[in-house]
1. Please verify whether LEU309 is in the same structural domain as ARG275 (by TED's automatic domain parsing) and either in contact (Cβ under 8 Å) with a residue 60 or more places away in the chain or under 22 Å from ASP207 (Cα atoms) (or both), treating the condition exactly as stated.
2. From the list LYS223, LYS293, pick out the single residue that is modelled with pLDDT under 95, under 25 Å from LYS310 (Cβ atoms) and assigned by TED's automatic domain parsing to the domain that holds LEU321.
3. Looking at ASP263 and the list (1) among the charged types (D, E, K, R); (2) on the phi > 0 side of the Ramachandran plot; (3) touching a residue at least 24 places away in the same chain (Cβ under 8 Å), which single condition is not satisfied?
4. Being among the β-branched types (Val, Ile, Thr) and under 18 Å from LEU285 (Cα atoms) is the filter here, so list the residues in the stretch 302-323 that pass it.
5. Tell me whether the stretch 274-294 contains one or more residues that are closer than 25 Å to VAL192 by Cβ, of a type in the set (Asp, Glu) and assigned to a strand (DSSP E or B).
6. For the stretch 217-232, give me the residue count where each residue is over 19 Å from LEU179 (Cα atoms), outside any loop (DSSP other than H, G, I, E, B) and under 25 Å from the mean Cα position of the chain (by Cα).
7. Collect the residues in the stretch 295-313 that are among the basic types (Lys, Arg) and not in a loop (DSSP other than H, G, I, E, B), keeping them in residue-number order.
8. Filter the stretch 314-339 for residues that are assigned to a loop (DSSP other than H, G, I, E, B) and at pLDDT 90 or above; which is nearest to ASP294 (Cα to Cα)?
Amino acid sequence: MSNTNDKTAKNFNDNQLYSKVAELIELARKKVATTVNLAMVHTYFEIGRMIVEDEQQGKERAEYGKTVLNDLAVRLTEKFGRGFSEPNLRNMRKFFLVYSTRTFPIQQRPSTELQKSENHTSTIQQKVSAESFGFTLSWSHYLILMRIDNPAERSFYEIEALSQNWSEAQLKRQYHSSLYERLALSRNKEEVMKLGNEGHRVVKPEDILKNPLTLEFLGMDEKDAYSESDMEHAILSKLQQFIMELGKGFLFEARQKRFTFDDKHYFVDLVFYNRLLQCFVLIDLKTDELEHKDLGQMQMYVNYYDRNLKLDTEKPTIGILLCKKKNNALVELTLPKEANIYASEYSLYLPDKQLLQQKLTEWLQEFENLAED
């Protein structure tokens, strides 16, 4: 019997040792991969800098693009293999021009114009080091980011990609879903400015709102007839994507959560908990026009959670009516100002990015006009 116990103990110890060693190796491999990726990003930045510096030595843009970069690409490819084609070298040049503006202005102008600027040329000669820019993402991420013209928007996506550990595909999706514009349109001007400097911070209930919530991943067509139950099933089948779209700190708790009083049963469509705000978040789905009774019902749900389920250490419950079209006037007239209840629109397709950018520009202009008055 003791031999059996000794063998079991030995197997347990061997498994523990194996697990620890395997975990250490996996961690080391991840660190090596990260180090290699960052080294590549820094190298590409420096290559971009060298190309820009060389471009300032009296070369015409047309001549430079057709001969120098092409010759450089051929020679580098012969020596180092793939990764140094002419289009890739152009990306490295653009990478330097975009990200060097973090600390000093390098205007993206034609070479002939740049030659005329003694200030620009002297700035280039400072030989800015890539390490000073603190790059933290992969080259694939920066290929997406450097094509974003708005510096504040670019900074926002860079901060979020790092803090949320977004893959390249997730970064693309968030950009094409206009996350920056949707968050900005749900905030005041001061908070919009913070998005570019700090990313998306969740401090108060309004911080979790987006305008609109984009649910294109559900695969539903607005032209087809669908019920709230259909939408709920679709959300649950894509729960991970839905939570990502909701934003930071969300944990799923229940669907069709039932509570009873006066011998009547009531059901909340979706119940989440936000660990950053430390409160319940109740979501009711509305595929028809939002009515005042919907707001009253949500107020009842919120009251029930606050009075019966919320702990003393937790914050007040938030209620969100996710609807096809919200009516701000109806919400303001129906609910008291201190109510923790919001109507938020949803869209079943990716929004028109240019339209949202235009709306954001007009909205910020209104703020400036009011400030001047």
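The values are calculated or read from the model by the stated rules, or taken from the named source; none is laboratory data. Please read all numbers here as calculations on a predicted model, not as lab measurements. Note that we place each Cβ from the backbone using ideal geometry, even for glycine, and neighbour counts take in every protein chain shown.
1. Numbers: in the same structural domain as ARG275 (by TED's automatic domain parsing): yes; either in contact (Cβ under 8 Å) with a residue 60 or more places away in the chain or under 22 Å from ASP207 (Cα atoms) (or both): no.
For LEU309, the condition - in the same structural domain as ARG275 (by TED's automatic domain parsing) and either in contact (Cβ under 8 Å) with a residue 60 or more places away in the chain or under 22 Å from ASP207 (Cα atoms) (or both) - is not met.
2. On the way: LYS223 fails: under 25 Å from LYS310 (Cβ atoms).
Matching residue, one of LYS223, LYS293: LYS293.
3. The failed condition is (3).
4. Step one: list which residues in the stretch 302-323 are among the β-branched types (Val, Ile, Thr), which gives 302, 313, 317-318, 320.
Result: VAL302, THR317, ILE318, ILE320.
5. no
6. Qualifying residue count, the stretch 217-232: 2.
7. Of the residues in the stretch 295-313, the ones among the basic types (Lys, Arg) are 307, 310.
The answer is ARG307, and nothing else.
8. Kept after step one, since they are assigned to a loop (DSSP other than H, G, I, E, B), are these residues of the stretch 314-339: 314-317, 324-327, 335-339.
Restricting the remaining residues to those that are at pLDDT 90 or above gives 314-317.
Working: GLU314: 25, LYS315: 23, PRO316: 20, THR317: 17 Å.
Looking at residues that are assigned to a loop (DSSP other than H, G, I, E, B) and at pLDDT 90 or above, I get THR317.
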